[in-house]
Amino acid sequence: MNILKIAHCRKQFDGKEVLSDISLTVDEGQVVSIIGPSGSGKSTLLRCATLLETMDGGALRYLGKSAVRDENGRAVYASHAELKEIRTCFGLVFQNFNLFPHYSVLKNITEAPMLIQKRNKAEVYETARDLLKKMGLADREDAYPYQLSGGQQQRVSIARALAMKPKMLFFDEPTSALDPELTGEILKVIRDLAAEHMTMVIVTHEMAFARDVSDHVLFMDGGVIVEQGNPEDIINNPSQERTIQFLSRFN
Amino acid sequence: MTLTAMIAKMSEGLGRTCAIFFLTLLFSLPLGLLVALMRMSKNKVLSSVTSACISVLRGTPLMLQLIAVAYGPFYLFGYTLLVKEKLLAIIIAFSLNYAAYFAEIYRGGIESMPVGQYEAAHVLGYSKHQTFMRIIMPQVVKRILPSVTNEVITLVKDTSLAFTLAYMEMFSIGKQIANSQSSFLPFVIAGVFYYVMNMIVAFVMSRCEKALSYYR
Ligand SMILES: Nc1ncnc2c1ncn2[C@@H]1O[C@H](COP(=O)(O)OP(=O)(O)O)[C@@H](O)[C@H]1O
Ligand SMILES: [Mg+2]
């Protein structure tokens, strides 16, 4: 069963086409990496998929439920209530964490499950503490975000997303705001999630990581998917000129 | 008249001074937020009308606004304000004026919030209302506290403008004594009163800032 299905997604900003005819299917347990130069539309694609941005045309489905359907090339969104329901299917991890600075680590993780999902407090706290332990932050639950390193904040934000028990997670350059020596700890967390068969779509500039962790890699440039396929092929033996050019900058 | 007699007489007006102060805060702080939201509304008509009102309220003297509220009804409908309605007129004028200033402070605070806070809440499923009340507003309050303190300190001093309507608060009583006794002393006493009140305001506000300093 596929978790996410994007079909023929189109998006313009001020008349400039940023995404043209992007289609992407993500199956349960699959890890998809998106690579490509800056400005190629990777974030916009993730923002359309997570309903932060409205697409102009195309369709979007989660678990077979339609969030956006295409009507004669125009995107038509589902009702407010349906979108609210669909939003529980996924989580998003931002480049710059976007933790709530006025909440402790624990409250950052527990508020949404209790407030939005109306889950039982004891269960949510247990889930949150388990996640913190997994993230190596068991002793930091009372800390405030400003007291944590960037890597720790990003791990909290991953825990916050996971506490909602999403069917899949999106990552938009999760290590780009971190000092180089801190990227490893985040990549390890994502590797662990992949090992547990978490369904993920990851925008990243870490090529070796993308090759090792993903089942499928997309290379985007200028709002289109230039090349996609198995990670070894795309990253080690790209066939398209633009992909070759882009990857040569990383070696 | 002795110094202590003057102080005692002027103290009788302190209750009214405090009434203007607290009632103005009570009404203008929430009203200011409402005005700020109207000012930021996507509805162009609403936001321009609100913006124009704010501009007039901030661009004309509070003393004129007091006179307008107190004597406007007479010129418009031939209605003369009763003595017991003076406080009402003062509170209306003060609350509107201060709401205009607070609205701009709220707006600055709200607009300074990074868009990522809204987006994180949105993806987690927070409604617009929940995002505003739980995520945005608490952080806005912390950000705007220093500017609010400035306005509150100005409000303490502005209560003296009630003398325009001969409302017998502390300053008006002092002015009366100064006239009848040909003495400058009541003004010195008034100055000390305002200064002490503002020391208290500064103390309370710094306590509030401390209470919110648990995060950055
Ligand atoms: N809110 C916006 N308004 C206007 N243009 C935008 C906006 N967001 C992104 N863009 C433009 O869309 C293009 C793709 O941006 P983005 O999706 O952020 O690329 P990437 O994440 O691959 O670096 C860029 O040219 C960018 O300038
Ligand atoms: Mg980006």
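Bear in mind these aren't lab numbers, they're just calculated from the coordinates by the rules spelled out. On a predicted model such as this, the values are computed, not experimentally measured, just so you know. Glycine also receives a Cβ, built like all others from the backbone with ideal geometry; neighbour counts cover every protein chain displayed.
Shape class of segment A:1-82 from the alpha-carbon gyration tensor: oblate, with a/c at 1.5 or above and b/c at least as large as a/b. Shape verdict for segment A:64-177, please, from the Cα gyration tensor: rounded (a/c under 1.5), prolate (a/b greater than b/c) or oblate. Judged from the Cα gyration tensor, segment A:64-177 comes out prolate (a/c at least 1.5, a/b above b/c).
Among B:C208, A:C89, A:C48, a tally of other beta-carbon atoms within 10 Å of each Cβ gives an order, fewest to most, of B:C208, A:C89, A:C48. Using the average count of surrounding beta-carbon atoms within 10 Å as a protection proxy, the listed peptides A:9-19, A:145-155 rank, highest first, as A:145-155, A:9-19.
Between segment A:138-160 and segment B:37-93, the C-alpha centres lie 49 angstrom from each other. Evaluated at q = 0.08, 0.10, 0.12 Å⁻¹, a Debye calculation over the C-alpha positions of chain A (equal weights, vacuum) places log10 I(q)/I(0) at -0.31, -0.49, -0.71. Taking amide H positions as modeled 1.01 Å from N, with prolines and chain starts lacking one, the residues under 5 Å from A:M200 and 5 or more places away or on another chain are A:Q30, A:V31, A:V32, A:L169. Think of segment B:65-216 as having a plus end and a minus end, set by charges on the Cβ of Lys, Arg, Asp and Glu; of B:A202, B:I91, B:F77, B:A202 sits farthest toward the positive end of this dipole.
Volume of the convex hull of chain B (Cα atoms only), normalised per residue: 142 Å³. Note on chain B: Lys pairs 8 or more places apart or on different chains, Cα atoms under 15 Å apart, count 4. With neighbour counts taken as other beta-carbon atoms within 10 Å, the residues A:M55, B:M6 rank, fewest first, as B:M6, A:M55. Positive contributions from Lys and Arg (+1) and negative ones from Asp and Glu (-1), summed over other residues with Cβ under 12 Å from the Cβ of A:R155, come out at +3. Ranked by the mean number of other Cβ atoms within 10 Å of their residues, highest first, the peptides B:188-200, B:92-104, B:163-175 fall in the order B:92-104, B:163-175, B:188-200. The value of relative contact order for chain B, using C-alpha pairs under 8 Å at least six residues apart, is 28 percent. The Rg/Rh ratio of segment B:70-151, with Rg taken over Cα atoms and Rh as the Kirkwood radius over Cα pairs, comes to 1.25.
Quick check on the protein assembly as shown: take the gyration tensor over C-alpha atoms, sort the square-rooted eigenvalues as a ≥ b ≥ c, and tell me if it's rounded (a/c under 1.5), prolate or oblate. Prolate, since a/c reaches 1.5 and a/b exceeds b/c.
Each of A:H102, A:H8 was scored by other Cβ atoms within 10 Å of its Cβ. Listed from fewest to most, they are A:H8, A:H102.
When you filter the chymotrypsin sites (Phe, Trp or Tyr not before Pro) in segment A:184-251 for DSSP loop state and at most 15 other Cβ atoms inside 10 Å of their Cβ, you are left with A:F250.
For chain B, complete DSSP H runs whose alpha carbons reach 18 Å or more along their own long axis and whose mean Kyte-Doolittle score is 0.0 or higher are B:14-39, B:44-59, B:62-77, B:86-111, B:137-158, B:185-211.
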